Amino acid sequence: MSKSESGSQIGTASLSSAMASQHLMRAWRIPLVALFALIVLLVVIYRDTALAMVTIWYRSETFTHGFVVAPITLWLIWRRRHALVGLVPRPNFYLLLVMIGLALMWPLGDMVAVNSVTQLAFVAMLVACVPAVLGLQVASAIAFPLGFLFFSVPIGEFLMPQLMDWTADFT
């Protein structure tokens, strides 16, 4: 094989790789925009719940970690980008039923004035957006970061005395 044929094959391979990369970017573009739009819509609709969570993070030293949960989640997803690049988003419209169920859970929590229920429903809806828009395959590839988002819900303060007792007994 001559140098020109070898160079031609390398050029063809890199062109093919670039075309595949562009196709993959196009396959992700619309679903990512849809995911972002859905998340923004949920934050706008449930802004009182989101603001209540942020207020608790700010007010209570126990829950200040809530401020870093979203950035850490994004970083954890970024670390999985090589696994995600080979996947193609496939929306799962059945999960919209789950989101409707979670959306119905929110007013129940609001009616009985239990913030933890409304906040859990809100975060669960945010998490459910991912498999609904990007598909179960993508969601399973980033299952840990999605589950990590639940650490943003300021819940469990009632457990503090018991946990402190266990810690004192252990040490």
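Per-structure values
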{"quantity": "Within the range 142-158, tally of residues that are part of a helix (DSSP H, G or I), within 18 Å of residue 71 (Cα to Cα) and either touching a helix residue (DSSP H, G or I) at 6+ places or on another chain (Cβ under 9 Å) or in contact (Cβ under 8 Å) with a residue 40 or more places away in the chain (or both)", "calculated": "9"}
{"quantity": "Breaking point among (1) at pLDDT below 95; (2) buried (at least 16 other Cβ atoms within 10 Å of the Cβ); (3) assigned to a helix (DSSP H, G or I), for residue 166", "calculated": "(2)"}
{"quantity": "Any chance residue 104 is open to solvent by less than 50 Å² (accessible area, probe 1.4 Å), over 26 Å from residue 68 (Cα atoms) and either out of contact with any helix residue (DSSP H, G or I) (no Cβ under 8 Å at 6 or more places or on another chain) or of a type in the set (A, V, I, L, M, F, W, C) (or both)", "calculated": "no"}
{"quantity": "Single unsatisfied condition, residue 92 versus (1) of a type outside the set (Val, Ile, Thr); (2) farther than 25 Å from residue 153 by Cα; (3) open to solvent by 80 Å² or more (accessible area, probe 1.4 Å)", "calculated": "(3)"}
{"quantity": "Residue count, the range 149-158 (criterion: closer than 29 Å to residue 77 by Cβ, modelled with pLDDT under 85 and open to solvent by 70 Å² or more (accessible area, probe 1.4 Å))", "calculated": "1"}
{"quantity": "Pairs, first of a type in the set (Phe, Trp, Tyr) in the range 49-67, second open to solvent by 70 Å² or more (accessible area, probe 1.4 Å) and assigned to a helix (DSSP H, G or I), C-beta under 6 Å, six or more apart", "calculated": "57/67"}
{"quantity": "Candidates 108, 97, 120, 104, filtered to the one that is of a type outside the set (S, T, N, Q) and under 22 Å from residue 145 (Cα atoms)", "calculated": "120"}
{"quantity": "Qualifying residues in the range 45-72 (those that are open to solvent by 80 Å² or more (accessible area, probe 1.4 Å) and not aromatic (Phe, Trp, Tyr)) - the one modelled with the lowest pLDDT", "calculated": "61"}
{"quantity": "Residue among 87, 96 that is within 23 Å of residue 25 (Cα to Cα) and not basic (Lys, Arg)", "calculated": "87"}
{"quantity": "Some residue of the range 141-148 being open to solvent by 50 Å² or more (accessible area, probe 1.4 Å) and among the β-branched types (Val, Ile, Thr)", "calculated": "no"}
{"quantity": "Whichever residue in the range 81-119 is touching a Gly at 6+ places or on another chain (Cβ under 6 Å) and assigned to a helix (DSSP H, G or I) and, among such residues, is modelled with the highest pLDDT", "calculated": "118"}
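The values are calculated or read from the model by the stated rules, or taken from the named source; none is laboratory data. Since we're looking at a predicted model, the values are computed, not measured. With ideal geometry, Cβ positions are generated from the backbone for all residues, glycine too; neighbour counts draw on all protein chains shown. Just so you know, the surface numbers come from the protein's heavy atoms only, side chains and all, with ligands and any DNA or RNA stripped out. Shrake-Rupley method; radii C 1.70, N 1.55, O 1.52, S 1.80 Å.
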